[in-house]
Amino acid sequence: MKLWLTMIFLAVSTVFAGGPGDGWPTYHGDYSGRRHSALTQITPANVGGLTLAWAFQTSQTAAIKSSSLVVDGVMYFTVPDNVWAVDARSGQQIWHYTYPPNKGLHIGHRGLGMYKDWLFFLTPDAHLVSLNANDGKVRWTVEVADATKGYWTTMAPLIVENHVIIGVSGDFDNLRGFLRSVDPETGKTQWEWDSTPPAGTPNATTGGMTWMTGTYDSSLDLIYWGTGNPTPVLTATTRPGDDLYTCSIVALRPETGKLAWAFQASPHDTHDWDAAEVPVLVDGNFDGAPRKMLMQASRNGYFFVLDRATGKSLLSAPFGPVNWSLGVDAKGQPVPNPKKEPAPDGRLIAPDEGGLTNYRSPSFDPKTGLFLVSSHPSWSVYFAKPADGTYGWAGADYGVWGKAVLEAIDYQTGKPRWTHELGPNGSGAGVLTTDSGLAFTGDAHGNFLALETASGKTLWHAGTGSRMETSPETYELDGRQYVLTSSGGVVFAWALPER
Amino acid sequence: MKVRIEVVLLIWSAPVLAQQASIDSGPVVFRRDCAFCHGRDGGGGESGPDLTRSKLVGDDKGGSTIGPLVREGRPDRGMPAFHLSDEDLAGVVAFLHAQATKAEANKGGRKGVDEADLLTGNAEAGKRYFEQACARCHSVTGDLAGLAGRLHGLRLEERMLYPRNAKSTVTVTLPDGETLSGELVYLDEFTVALKEASGKHRSWRTTDVKYTVSSPAEAHVELLPKYTDEDVHNLVAYLETLR
C-alpha cells in the first residue's frame, strides 16, 4: 500500500512538479499545460550568450503553428498536410510525410500526439492518420467528421493511457461539436462526448468545437477541455439561453467521456469567443488553503481560477479591457450585456473577435506564482441584422485597434504584477517559463525574447524575420539545453555556445 | 495541311483550357487558403473583411490589385503572403469577382454593412460630441471639410474610430546632440527607424539615442473606452453631413 502510494506520488510529481523532463512529449510539454520546464542550464545570468544551434527550413509558405514533440532525440512537427521528423541534435531531416491534396480548410496545424512508436495526425479534411514514428509510414487513416459538411481538424491529439483524444473545428456551418477518443491500435472510436445537440434541434445551439489540446490530472482521473463558440456565430435568435456546452471548460472521465463538471466562460456568446484556451493545472495555495486549481486566461477577456475537482469558481477577473459583461454571477460566470450583442448599426466591443488572448499558450511559473499570458487589448465593432440569416457566421465584425502585451498575472488576485509591451496589433507567440527564472516569448514584430520572469525585464532577443505563431519549448540533449521556437517556415533551436 | 490545322487548334485551345481550369480551381484554393478569415463565400469570416464589398476587389482588373496583395500579404493587418501559382491566383481572382457580382445582385438579403444601417444617430448630438472631444485636433472647415464626399458608411466609421494608416513622426537625438526628424517607420524595444524627408532610411539602437514619438492618432485610442454606442452613431450621423 505504501509503495503504491509512493508510486502515485511520483507519477503526480512528474506531471506537476517536474515539468516535461528533458524532452517535450506532448503538445503542452506535460499534462498540466503549464509550459514550464525544470531545465536550468540557461539562466538569467548567461542567457545573454544564447545563440543559434541550428535552424530547419520547411521551404514551404505555410507558417508553422505547431508545437514540436521531442522524444528520444527526435522532434516531430507539422504544418497542414505535412509532418517532419528531424534530428533534435543537428536539425537534419529524418523523414517528411505529406498527406494527399484535399479540399479542407488549411488555416493552421498544432502538431501531433504520440503513443509508443506511433504518431497521430489530424488533417484539413478531418481525418486521423496514424504514422509509424520511425519512418513516417501510414499505419491507418480514419475519418473523424464529414469535411463536406464544413468540419476540419487542426489540433494535436491528447494521449491518456490508451486513448487518443481528438477534437474538431468548424465555424462556418451550424455543426455539432464533439470530442472523441480513439483506440491507438486500431483507430476505432472508444467514446464520443458531444458539446452541443444535433444540428436542427429547435431552439438549441450548435458549435462548441474542440480545437485545442486539453490537459489531464491523473490523480483526479479527469481530462479538461475548453470548448468553442456557438453557431450561428454572431446571431443568437435561434439559440436562446446559455448554449451549453459552448464556450465552456469541461471535465471528463478519460475512460468513458462522461462529463464530471462544466464551467461556462461565456454563456450565450455572440462574439466568437471560444473558451478553447489552455486549461492550466496548478497545485498551490489559494486564500491560504492548498488547492488543486485550473486556470484559464479566456478569449473573452476573463482570467478564471477554478477548483478542478469540482469546477467551483475561485476567481473571475478581467485581465484587460472588457465592456460586454454586466459582471459575474454567483457561479463566477460572466453575465453578457444584451445591449452589447451585435446589432444592425454596430456595437463597440472590447476585446475584438481575436480576443484578449487565443491559441497561443500561457505559462505558469510556480516560484513566482505568476501566470504569464500574451494578451491583446483591443476594440472592434460587431454587426448583425436579420438579413444576415441564422447560418454560420450570420453577421460581420471589424477590428478597430489592438496591441500586444505580455501580462504576468498574480493568480490569487487576477491583477498583473507586471506588464511588458510587445508592439502594435498582436503577437501570436505563446510563453515558456523555466525553473531558472526565465520567460521566453515573441513580440508583434517577430523578435524572440528572453525575459526575467520575476520582473518582465528583457535579457536577450533575436529577430526571427517573421511573427511567431507558436509557443516556445525546451529540451535537453547531451547535457545541452535547447530552446525551440518557430516563425514563418523555419524552426530555430537556440542554445548556449558549446564549450 | 492537316497537321498545320491541328497545330493552330492547339495554340488556340491551350489558353482557353488554362483559363477554364483556373476558374474551376478558384473556389477550392479560396476555401483552402482564404476561407477561414474571409468566409467561404468571401463575405467575411474570422478577422478578415467582407471581400465582396471590398474597394480593392472592386478596383481590380484581372488581378491588378488582388494579385500583388495576395503575393505580398498585409503583415501589419495579420494577412500572410500566399505564393499561389499564376493559375491558382487567377482562379481566386475570378472567384472573388463572381462572388462580388452575386452579392451585388442580392441586395438586402446578405450580410455586410450598408451605409443606411449606420445612420441611426442624431447628427445634432454628434456635433456636440465632436466639439467637445474632437475639435481639439480636427476642424470641419479644415482637415475634415467635405469628408463625407470622400468617405462613407463603414469606411468612414472605421476611420473615425481609429485611422489605421495614420503616420507617426519621431525626433531622434544622437549622442553628439544632433537631432533628426522624420516619419517613424519602425520601432520595437531595440531599434528605432525613420524616413528622412529625402526618403533616406536611418535606424539606431534604442539604447544609443534619445527619441520622441508623436502619434496624433493615439488620441483616438483614448476615446475607445469612453464612447457609448450612441456616441458612435451620433458622430457618424454628424460626419455624414460634412459634404
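Quick note: the coordinates plus some simple rules give every number you see, no bench work behind them. Just so it is clear, the structure is predicted and the values come from calculations on it, not from any experiment. Methodologically, a virtual Cβ is constructed for each residue, glycine included, from the backbone with ideal geometry; neighbour enumeration extends over all protein chains shown.
Before moving on, here are some points about what is shown:
- Among (1) in contact with an Asp or Glu (Cβ under 7 Å, 6 or more places away or on another chain); (2) on the phi < 0 side of the Ramachandran plot; (3) not aliphatic (A, V, I, L, M), the one test that A:PHE371 misses: (1)
- Output for segment B:25-66, where each listed residue is over 15 Å from the mean Cα position of the chain (by Cα) and not in a loop (DSSP other than H, G, I, E, B): B:SER25, B:GLY26, B:PRO27, B:VAL28, B:VAL29, B:PHE30, B:ARG31, B:ARG32, B:ASP33, B:ALA35, B:PHE36
- Assessment of segment A:113-136 against the conditions (surrounded by 21 or more Cβ atoms within 10 Å (Cβ to Cβ), at positive phi and of a type outside the set (Val, Ile, Thr)) yields at least one matching residue.
- Hits in segment B:67-102 (condition: of a type in the set (A, V, I, L, M, F, W, C), out of contact with any helix residue (DSSP H, G or I) (no Cβ under 7 Å at 6 or more places or on another chain) and part of a helix (DSSP H, G or I)): B:ALA98
- Only one entry in A:VAL282, A:VAL335, A:VAL328 is crowded, with 20+ Cβ neighbours inside 10 Å and away from every other protein chain (no Cβ under 12 Å), namely A:VAL282.
- Qualifying position, being closer than 19 Å to A:ALA38 by Cβ and within 13 Å of chain B (Cβ to nearest Cβ), among A:ALA450, A:ALA462, A:ALA454, A:ALA439: A:ALA450
- Test: residue in segment A:345-364 that is over 18 Å from B:GLU46 (Cα atoms), away from chain B (no Cβ under 11 Å) and not in a loop (DSSP other than H, G, I, E, B): yes
- Only listed residue being surrounded by fewer than 19 Cβ atoms within 10 Å (Cβ to Cβ) and within 8 Å of another protein chain (Cβ to nearest Cβ), chosen from B:PRO68, B:PRO75, B:PRO49: B:PRO75
- Of the residues screened, A:SER169 is not one that is away from chain B (no Cβ under 14 Å), within 23 Å of A:THR210 (Cβ to Cβ) and surrounded by 21 or more Cβ atoms within 10 Å (Cβ to Cβ).
- Yes/no for B:ASP60 being over 21 Å from A:ALA387 (Cβ atoms), charged (D, E, K, R) and exposed (fewer than 13 other Cβ atoms within 10 Å of the Cβ): no
- Meeting the requirement of 2 or more residues that are closer than 30 Å to A:GLY463 by Cα and in contact with a Phe, Trp or Tyr (Cβ under 9 Å, 6 or more places away or on another chain), the strands (runs of 3 or more DSSP E) wholly within segment B:190-243 are B:191-195, B:201-205.
- Subset of segment A:443-499 [touching a His at 6+ places or on another chain (Cβ under 8 Å), part of a strand (DSSP E or B) and small (Gly, Ala, Ser)]: A:ALA450, A:GLY463
- Residues satisfying the stated conditions in segment B:150-171, i.e. in contact with a strand residue (DSSP E or B) (Cβ under 8 Å, 6 or more places away or on another chain) and in a helix (DSSP H, G or I): B:LEU154, B:GLU157, B:GLU158, B:LEU161
- Whichever residue in segment B:78-97 is of a type in the set (D, E, K, R) and surrounded by fewer than 19 Cβ atoms within 10 Å (Cβ to Cβ) and, among such residues, is nearest to A:LYS403 (Cα to Cα): B:ASP86
- Test: B:TYR227 is surrounded by fewer than 17 Cβ atoms within 10 Å (Cβ to Cβ) and of a type outside the set (S, T, N, Q): no
- Of all residues in segment B:172-183, those satisfying the criterion of being within 12 Å of B:TRP204 (Cα to Cα) and in a strand (DSSP E or B) are B:VAL172, B:THR173, B:LEU180.
- Segment A:128-143, subset of a type in the set (Gly, Ala, Ser) and not in a strand (DSSP E or B), residue farthest from A:SER68 (Cα to Cα): A:GLY136
- A:VAL71 meets the conditions (1) aliphatic (A, V, I, L, M); (2) touching a Leu at 6+ places or on another chain (Cβ under 8 Å); (3) closer than 21 Å to A:THR213 by Cα in every case but one. The failed one is (2).
- A residue that is under 19 Å from the mean Cα position of the chain (by Cα), crowded, with 20+ Cβ neighbours inside 10 Å and farther than 21 Å from A:TYR359 by Cβ occurs nowhere in segment A:236-243.
- Filtered residues of segment A:395-436 (kept if assigned to a loop (DSSP other than H, G, I, E, B), surrounded by fewer than 24 Cβ atoms within 10 Å (Cβ to Cβ), of a type outside the set (D, E, K, R) and away from chain B (no Cβ under 14 Å)): A:TYR411, A:GLN412, A:THR413, A:GLY414, A:SER436
- For A:ASP478, the conditions (1) of a type outside the set (Phe, Trp, Tyr); (2) under 27 Å from A:GLN57 (Cβ atoms); (3) within 24 Å of the chain's Cα centre (by Cα); (4) surrounded by fewer than 19 Cβ atoms within 10 Å (Cβ to Cβ) all hold with the exception of (3).
- Conditions (1) within 11 Å of chain A (Cβ to nearest Cβ); (2) in contact with a Lys or Arg (Cβ under 7 Å, 6 or more places away or on another chain): number failed by B:ALA103: (1)
- Among the candidates B:ARG202, B:ARG243, residue that is in contact with a strand residue (DSSP E or B) (Cβ under 7 Å, 6 or more places away or on another chain), away from every other protein chain (no Cβ under 11 Å) and among the basic types (Lys, Arg): B:ARG202
- Qualifying residue in segment A:144-155 (condition: crowded, with 24+ Cβ neighbours inside 10 Å and either part of a strand (DSSP E or B) or away from every other protein chain (no Cβ under 14 Å) (or both)): yes
- Count of residues meeting criterion [surrounded by fewer than 24 Cβ atoms within 10 Å (Cβ to Cβ) and touching a Pro at 6+ places or on another chain (Cβ under 8 Å)] in segment A:244-279: 2
- Exclusive hit being more than 12 Å from chain A (Cβ to nearest Cβ), crowded, with 18+ Cβ neighbours inside 10 Å, touching a residue at least 40 places away in the same chain (Cβ under 8 Å) and over 22 Å from B:PRO225 (Cα atoms), set B:VAL113, B:VAL170: B:VAL170
- Among residues of segment A:293-313 being among the hydrophobic types (A, V, I, L, M, F, W, C) and buried (at least 19 other Cβ atoms within 10 Å of the Cβ), the one that is nearest to A:GLY428 (Cα to Cα) is A:ALA297.
- Exactly one residue among B:ASP143, B:ASP188, B:ASP176, B:ASP208 is closer than 30 Å to A:PRO321 by Cα and charged (D, E, K, R), and that residue is B:ASP188.
- Residue within segment A:450-457 that is aliphatic (A, V, I, L, M), within 20 Å of the chain's Cα centre (by Cα) and buried (at least 24 other Cβ atoms within 10 Å of the Cβ) present: no
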